[in-house]
Every structure is written in structure tokens, then in C-alpha cells.
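Everything below concerns the one structure shown next.
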Amino acid sequence: MIVRPNSRRAWLSLAWGVFFFASAAAVLQVLAAPAVERFRDPPYSFRRDKLKERLKTLEASIAEGAPRPPLVVTIGSSRILNAVDCQSTELVLKQRLGQDVCAANFGSPGFGPLHSLVLLGRLLRDGIQPDVVVIDVLPLYLAKSSESQLPKEQWIPITPADKAWLADRDIEVEVTQPDPQGLTLYHSRTDILASCMPKLLPRSRATKWVTTTDAWGGRRTPPIANQAMKTQGLELAKSTYHDTLRDFEIGEAGLSAVRVLLTECRQRRIDAVVVVMPEGPTFRSWYRTGALHELASALKCVTRECGAHLVISSEWIEEQDFWDSHHLLASGAERFSARLTREALEPVLQGRLNVALQSTDATQLR
Amino acid sequence: MLFYSPEFFPFFAIVFAVYWLLPKQSLRTWVLLAASFYFYATWNQWLALIIGVTSVIDYVVARGLDASTNQRWRRTLLGGSLVMNLGLLAYFKYVNFFLDSLEMSMQAAGMSLSMPTLQVILPIGISFYTFEAINYTVDVYRKRVPAERSLPHFLLFITFFPHLVAGPIVRARDFLPQIAQQKRWDWSRMQLGCEFFLLGLFKKLAIADRLAMVVDPVFADTQAYNTSAVWLAVVAYSIQIYCDFSGYTDMAIGLAHTLGFKLAKNFDMPYASVNISEFWRRWHISLSSWLRDYLFIPLGGSRGGTWLTYRNLMLTMTLGGLWHGASWTFVAWGIMHGTFLILHKQLQDLWIVWPTGKRLLQTHVGRAVSIALTFVCVSLAWVCFRAPDFATAAQVYEHLFVPHAGTRLVIPNDGVIMILLAVLAAHFIGHWHAWRRRSLQQLPAPAIGLAYAIALVGIIVLIPEYSKPFIYFQF
């Protein structure tokens, strides 16, 4: 090969380009390494810190020797993130049970059962022991056709500690860092853009979503300005879910991830409440006939087996209270929160308090 | 498989490696041919077969045209080839359009007629490769190019994957000699190819797809938006379609360069045109020159007096509109451009009798006004092109010219304006060769490498969450 001056310059330019790009990707990966947790996974660390602060304040305010207020944590997808108003849940439960309750929302977009298991592991490792965990199970992750998506953990960076936690439960996942293909850059692009040029993003995406959450970790869907946005949301939901739901078959991988999660809760004496979240009639019409029934039966079996509670709230809310037929608008979220608190959380917590009371009485008698 | 989809990169890497590892150009031709058919078959293998079969027929017809001196037989062969190519185009692309139009006109005439809707899959890129096949047989008929003797070479001319699905529409006389030529590895050419590819990626992913987030909701529900939002969306669509289509072309040209081929330039800063006639010399050059050479001039061009010229212009642009899509909105778009061209011709006639007007337009201010006016006319015509139907187009026009209250765009207005300003720069970069000569080549290699890395990081960061296929794939 004859290397002319221009050719030499050309290949040097290309080589430098590859070098600089690889360096940029590597620097970003180092930044996103587990040590730099706030950058790596802001949705978790931001809300964990807020919860710790609230717990500290709450514990400081209660009398010495009194039992600590029970902690209710919601985990799962963006559906539960938008749907549960932990502030009003706390108020209602305090009124009904006659004691303080702490509630926190850890729902995150795209979370399935494995993500929830990772999140529970992180909470426990960080010294946060929930009493009740409300688990939103996104049906998409229970579908046979989604089984291959489960171990990929696209929405949550997996640290070596997460990997070890999952490995103890016989679940193998890859540590997502370091990422040799520069995918971190690709996956963090919206966050990067939100930091540098938020004006290039749709208003709803211009800020990191977690910074728009309230002190309890939840987030209200912004009010819908017009039908076009609603239609756009519905189209997006359709393109994401329709095909999977049309051929919906329960897959063993998804169910077994739920089983592991519930078993973990049981072993740690955490009351688990599995919720099949509300869906609009349009969204429900995308399921294969009979699929919803099969889904409910499968979850009934798993929850019974693991001693968990099951709430099937698919039909609780009407279409107009959804943004895209599966994410609740503020009006729908208010109704859902109130009903979930009344029909599920209150009895579960009441049961826990009664047991605690009985064991205290028994100790006193002895 | 799109040029930026994850599956394309391993495909291209394999093709590229095998291609350059082979010593003989004839073997490389076979590799490219196999890759091109595979590339097309990833969409639909049966449609790949159709291209293969029709291309073989065109090859045989051209050989027949070359061999025969009997004018009647040659005319029959050419007619047969045209009927086959246009017939396939009509069937795959226009049959339902014709049936629907027939049904509507019957109903308008008071007759009740229900036409069936045929389940026809539109072969991707059919309009492009049909035009390539036609220009080849016509040129052989006119004895402007000799019939290609090698079948693999001819098949590669039609199916070469960088230009197969959305052009540029290549001419046999430009492309066929390149196939036979032994290619030598050239780093400068690789660099040029990579630059074109990066530029195309930037235009498509960073600009066109981001602007689609602004444009799509407005055309989906115009009533909801205020007048300024609709104006911004219309301007944004002009930029979107330019960046989408020229982005594809840049990627195609870049890929071809890395394989040692040169594809024709398809865009030349079209929005810097001072009049509509110049716009068509700068926009989709391979199509406009095709329409000029194989439609406008055979119709008589501008040789038959004023009215015949106007008729020819209008016919060419209307058919050009229809070429884009099987819908009356595309026809309307073509008619609008035909009208603009006629008006421009009349203006030119006016400048002969009033030269002061022409002199005024040649001043800096006059040129700026001309460019702005041309851009506005082109943008207004794009409304018909983008709107799914006339009702939507009418709504958009109404919102543009009658002030309406309503909601804002999804992206803040200043964000959209920022993107549009960035595109002005991209438009400038579109004049790539001159720009490259002037600035890039003066820089040291590490600085150029840094620029590539920044561009690639910029592209990745700016990729929207939901990217869209190329607009021109549907044609």
C-alpha cells in the first residue's frame, strides 16, 4: 500500500477520531461507575436520601421507646410512580390507624419485577427496612415474549453489589458497567441534554424526571393541554405494548422473578401487596381474549404461594382519567390512591399493628 | 435495515471487510451484489426477487436494443420495457389510489360504486429503481450509452444498496463505468466517506428526527395550536424534510465512497435559492434532472412557445408530484410548484421589459428578499406534501393566515429556533467540498479527529427517544 501524505493525514485523522470518541465514552463510564452513585442512578439515590431525611425527622419526633412508624414503599413502573400519592396516603392512614405512617414512592419508568428486586436489595443494603411493599407488576414483563428483556436491565445500571444480590437468589445478570460500546452515552443522552440544552427537549423531558417528584417520591402526570398530546401518548403506548399484549402468554421467567421478590419479602417479614395497576378500556382491549384472566390467575397462585396480598385494580378507573390509557392523570391518581389506601394498605397495616400489639401483650403477660 | 439501525453496522462491516480483502474487482462486484440483495431482502424477499427479475428483463431488452437496427423492433422493445417498469410502478404504488379516485368520481357523478382495496405491499424504493431502469433503457435506445454486457454489473447498477431505496437516482453512464474500474484502497476517500456519513447521521438523527417531534403533533391536530406554533411547525417541516432526505443522501454517498464509488450530488443548498427555478436545480437534483431529461424535454421543453412551455412545466411538475406518492395532496404539491415555475417564467419575461426590477433583485437586499420569498413559497407548498389529506392542509393554511389562539409547541419556541439556526449552519456545511477545502484541511490530524469525536458524541446525545424512518422511504 502506498501511503501518500494526504493518505497519512487521512488515516491519522480517522484514528484520532476513534481515539477521542473511545476516550469520551470511557470518561463517561468512569463518571457513571458505581462510586459516583448520584450520577449513576439519580432516581434511586435522590429519593433514598429524601426518605432517609424524613425517617430521621419522624423518628426524632416520636416518644422514646415507642415503636417506629411503619414504612410503606411502592415499587414498580411509571404507572405506580404517577398513581400513588404518598402524602395523602400517610394522612389517611394516620387518621384511620391513630399513628404515624411513613410512605415513599420508588416507582420508576420501565421497571419490572427484576428491577424491583434490585431496588429492594439496595434499600435493604442502605438500612431501609420497609414494613409494607406495594409492588406494581407491569404485565409486559410477565409476557413470554418479553422474557429476553428481563435480564437486560436497560433502565437501571447494575453494580457489582446488585449482581451479587441477584446471584444469591440464582439470578444471573451482567454488570452494565463498564460498557465497552459507549452505550452509556446513548442511554444517558436525555439526561445529558437536559443538563446542557434543555430547550431542545420536549417540555415534559426537559428536567430529570426525578427532580420533578414530590418529597414522597411520587410524580403527578402533567395536565394534558390538548387532545393531540393524548393521541400521541396513546399511539406511543400502542406501538410499545400492542403486539406483546395481542399475543400475550404468561412466561415463566417473569413469574419466577415475581416469586423471588415475594419470597424475599416474606423471609424479611415484609408484607407484600402485588397490584395489577389500572388500565383504560382501550389498553385492555389490546390483550388477547382471556389473557387478563390468565394473568390474574397466575398472580393469584404466586401471591398465595408466597403469602402476599393481591389487588387487581385493572378496571378501577375510566378512560378519561388516563393520559395514554395506562398512565393515570392527576384525577385518576387521586381516586386510585384513596381506594388502594382504604382497601389494601389500611387492612394490611391494621393486621401488622394487631400482631405487634398481641406480641407486646404476650410479652407483658409473661 | 436503515443506515443507522444497529443491524446495519455489522452488515456493513462484514461487506466492507470482505469487499476490500478480495483482490479482484469482479469478485468484489459479486460481494456487493449479494449484499445488495440481502439488504433489500431484509424488508421483503419476494420484492427483492421482483427487482431481480425485472432488472434481468431490462438487461435483455437493452441488449436487444443494442443489437438491433430495425427501428420498429427497437421501439417495440423500448415500449415493452417502459410498460413493464411503469406497469409495476402503477400496480404497486398507484392501484389503490386509482381505484379510490375512480370510486370518488363515480360517487360525485351520482353513481353508487364500491371499488375493492387491494392488499398490495409497496416495495421500498420502487420509484427510484424504476426511474433508473427507465433512464438506462431510454439512453440505450437513444444510443447515448452502450448496453451493458455484464449482467452482474447491470444488476449492481440497479441494486447497489447505498442508493437502492431512496436514491440518488443514478445514471448508467455515470455508474456502470465505475463498476468495471479496479478499486484501490484510498485513506483520503475513506475519510471523505466517513465525513459524509457523519454529516448525514447528524442531519437525520440530530435535526430531522428532533424537528419531527414539533411537526407531527401540529399536523395531527392543527386546531389545538396557535398561529405562531403552526408557522414554526411549517418552517420546521421544511428543514426536517431537507435534513431527512439530504441526510440519507449524504449517508449513501459516504458509504459509496468507502467502497470506492462516487454517487451524484443530490442537494446543493436548496434553501439558498433566489428563485423557484434555481430551487429545482438544487433540490433532489437527480430527480429534477431526470424529469427534465426524460419528461420535460421529450414533451417539447421550452421549444414550442410560451403556452406550450407552461403546459410542459405544469405536466412535468404534476407528474413529479404524483411520483412522490399516491395521493391527490402530492398532485396538488406538484401543481403548486408548476404554478410557481410558470410565475417565475413570467417574471423573467417582465425583467426583459423592466430591467430596473432585475437590477434591484441583484442587490444584497434584493437577493435576501428573493431567498426568503422562495423559502416561504417552498414551505407553503410543503404543507400539501406533509398533510395526510386536503382537510388537514386547509386547516394548516387557515391557521397560518387567520390568527388563532391555541397551545404551544411540544418543544419551547426558542429551542425550535435554536435548531433552525443550527440548520443554517448545516446548510452551509452542506456545501461540503468547498467548506472542507477551506477549513478542515488546514487543521492538524488530531484536531480533525477531535472534531469527528465531538460530532459523533453530539449525534448520539441528540438522538431523540423515538426516531423515525426516512421520509423518502415511502416513495
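Worth a mention:
- Pairing residues of region B:396-416 that are within 13 Å of chain A (Cβ to nearest Cβ) with residues that are at pLDDT 75 or above and open to solvent by 60 Å² or more (accessible area, probe 1.4 Å), at Cβ distances under 6 Å and at least 6 apart in sequence or on separate chains, gives B:PRO412/A:LYS199; B:ASP414/A:LYS199; B:GLY415/A:LYS199.
- Screening region B:87-123 for residues that are farther than 20 Å from B:ASN44 by Cα and open to solvent by 80 Å² or more (accessible area, probe 1.4 Å) and picking the one that is modelled with the lowest pLDDT gives B:THR117.
To keep it simple, each residue is scored yes or no on (1) away from chain B (no Cβ under 14 Å); (2) open to solvent by less than 10 Å² (accessible area, probe 1.4 Å); (3) modelled with pLDDT of 85 or more.
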residue	(1), (2), (3)
A:PRO34	yes, no, no
A:SER45	yes, yes, no
A:LEU55	yes, no, yes
A:PRO67	yes, no, no
A:ARG96	yes, no, yes
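- For region B:214-226, residues that are within 8 Å of chain A (Cβ to nearest Cβ) and under 22 Å from the mean Cα position of the chain (by Cα) total 1.
- Residue match in region B:203-211 (condition: more than 22 Å from the chain's Cα centre (by Cα) and buried (at least 22 other Cβ atoms within 10 Å of the Cβ)): no
- Among the residues listed as B:PHE375, B:PHE385, the single one being at pLDDT 90 or above and within 26 Å of A:SER239 (Cβ to Cβ): B:PHE385
- The set of residues in region B:48-64 being of a type outside the set (A, V, I, L, M, F, W, C) and open to solvent by less than 50 Å² (accessible area, probe 1.4 Å) consists of B:GLY52, B:THR54, B:SER55, B:ASP58, B:TYR59, B:GLY64.
- Qualifying residue in region B:159-181 (condition: over 16 Å from the mean Cα position of the chain (by Cα), within 14 Å of chain A (Cβ to nearest Cβ) and free of Cβ contacts under 8 Å to residues at least 40 places away in the same chain): no
- Out of A:SER88, A:SER78, A:SER148, one residue alone is modelled with pLDDT of 90 or more, open to solvent by 10 Å² or more (accessible area, probe 1.4 Å) and not acidic (Asp, Glu). It is A:SER88.
- Set side by side, the residues A:HIS293, A:HIS326 differ, and just one is under 28 Å from A:ASP271 (Cβ atoms) and not in a loop (DSSP other than H, G, I, E, B), which is A:HIS293.
- Conditions (1) at pLDDT below 90; (2) touching a helix residue (DSSP H, G or I) at 6+ places or on another chain (Cβ under 7 Å); number of the one not met by B:CYS194: (1)
- Check on B:GLY200, surrounded by 22 or more Cβ atoms within 10 Å (Cβ to Cβ) and touching a His at 6+ places or on another chain (Cβ under 9 Å): no
- For region B:355-372, the set of residues classified as under 28 Å from B:ARG311 (Cα atoms), modelled with pLDDT of 85 or more and open to solvent by 30 Å² or more (accessible area, probe 1.4 Å) consists of B:ILE371, B:ALA372, listed by residue number.
- Take the conditions (1) open to solvent by less than 20 Å² (accessible area, probe 1.4 Å); (2) in contact with a helix residue (DSSP H, G or I) (Cβ under 6 Å, 6 or more places away or on another chain); (3) closer than 17 Å to B:ALA147 by Cα; B:ILE126 misses just one of them, which is (3).
- Condition met for B:LEU263 (over 27 Å from B:VAL383 (Cα atoms) and either within 16 Å of the chain's Cα centre (by Cα) or acidic (Asp, Glu) (or both)): yes
- Boolean, A:THR211 is of a type outside the set (Asp, Glu) and at pLDDT below 80: yes
- Filtered by the rule that a residue be assigned to a helix (DSSP H, G or I) and within 25 Å of A:TRP316 (Cβ to Cβ), region A:258-284 gives A:VAL258, A:LEU261, A:LEU262, A:CYS265, A:PRO281, A:THR282, A:PHE283, A:ARG284.
- Verdict on B:ASP139 being under 27 Å from B:HIS284 (Cα atoms) and among the charged types (D, E, K, R): yes
- Which listed residue, of B:PRO162, B:PRO177, B:PRO217, B:PRO146, is surrounded by fewer than 20 Cβ atoms within 10 Å (Cβ to Cβ) and in a helix (DSSP H, G or I): B:PRO177
- For region A:1-22, a residue qualifies if it is open to solvent by less than 60 Å² (accessible area, probe 1.4 Å) and either more than 8 Å from every other protein chain (Cβ to nearest Cβ) or at pLDDT below 60 (or both), and exactly one does: A:ALA22.
- Some residue of region B:393-409 being of a type in the set (A, V, I, L, M, F, W, C), open to solvent by 10 Å² or more (accessible area, probe 1.4 Å), more than 24 Å from B:PHE97 (Cα to Cα) and not in a helix (DSSP H, G or I): yes
The values are calculated or read from the model by the stated rules, or taken from the named source; none is laboratory data. Please read these numbers as outputs of a predicted model, since none were measured by experiment. A quick note on method: Cβ atoms are made from the backbone with ideal geometry, for glycine too, and the neighbour counts reach across all protein chains shown. Only protein heavy atoms, including side chains, enter the accessible area calculation; ligands, DNA and RNA are left aside. Shrake-Rupley method; radii C 1.70, N 1.55, O 1.52, S 1.80 Å.
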